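What follows is a short report on a single structure.
Here, each number is a calculation from the coordinates, and none is a lab measurement. Since this is a predicted model, take the numbers as computed values, not measurements. In this analysis, Cβ positions are derived from the backbone assuming ideal geometry, glycine residues included, and neighbour counts consider all displayed protein chains.
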Amino acid sequence: MPVVIIHERARVHCQTCGAAHRGRGRLCDECSKTLSGLSDAKQAPPPLGGFDVEKEPAAPAYKEPLSKEGGWDRPQLVRVDVIPIALAGRSLQRGWLTAFGAAGLAVTIGEVAFKWGVWWFWFVVPSAIAFLIGHGLMKKRFVRLAGLLNFEADKSGRVYLTTMGGSCPVCNAEIKLKDIGPQKRSKTVIQCADNRTHQWAFDPKQLESL
């Protein structure tokens, strides 16, 4: 009588190593771990220190930029020099600048309208500058003049000349304030002295109070 050999398909696979189990015991023939009765083949875990060749490596997780400006940290801008402005031994007040500027402009307008005298015309430039500085300090306590001079006022209204500086967080070079753009629409930014692409928006409100 011919012998018929039936190849039975393994139904149980080890949950730990993925090997097929054909016996009746509760332990895996390969790794000797207790079987959990899985009916489908399971991919064996990769060896320690190895890689799963059937799976693509996961892409690195996306990280939010450190800031909106090139993904760089914002620099720490500090006052390098703080020079109080005094007249006749008294600290200059922002209110004095505003009042002097307004009075000088009024006199200049009167000179033009009523011809009081030509010599009053020489007050128009310093009066305009004084008024712009004083009015700006009343609003923001920080005014930058001609891209060179920084005027600041403390809470009591005293006026100071200040110089800003610091280190670039990208290349560790010096940073300073810089006016960029057309003259009528220029804006002040924090810029690296070595690489002008290392640039950040400047907000005087972020400065510590004098």
TODO: Report the label-to-label distance for S186 and H135 in nanometres (one decimal), using points 7 Å from each Cα along the Cα→Cβ vector.
DONE: 1.9
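Using 0.36 nm per residue, how much length does the chain from D203 to L161 gain when fully extended, once their Cα-Cα distance is taken away?
Length gained between D203 and L161: 13.4 nm.
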- [ ] Find, among the trypsin sites (Lys or Arg not before Pro) in the stretch 171-200, those assigned to loop by DSSP (not H, G, I, E, B) with at most 13 other beta-carbon atoms within 10 angstrom.
- [x] R196
- [ ] With a Förster radius of 25 Å, plug the Cβ-Cβ distance of S91 and C171 into 1/(1 + (r/R0)^6) and report the FRET value to the nearest 0.05.
- [x] 0.05
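How much length is gained on full extension from A99 to T34, taking 0.36 nm per residue of separation minus their Cα-Cα distance?
Values: separation 65, 0.36 × 65 = 23.40 nm, distance 9.17 nm.
Fully extending the segment from A99 to T34 adds 14.2 nm.
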TODO: Could you tally the net charge around K139, taking each other residue with its Cβ under 13 Å from the Cβ of K139, Lys/Arg +1 and Asp/Glu -1?
DONE: +3
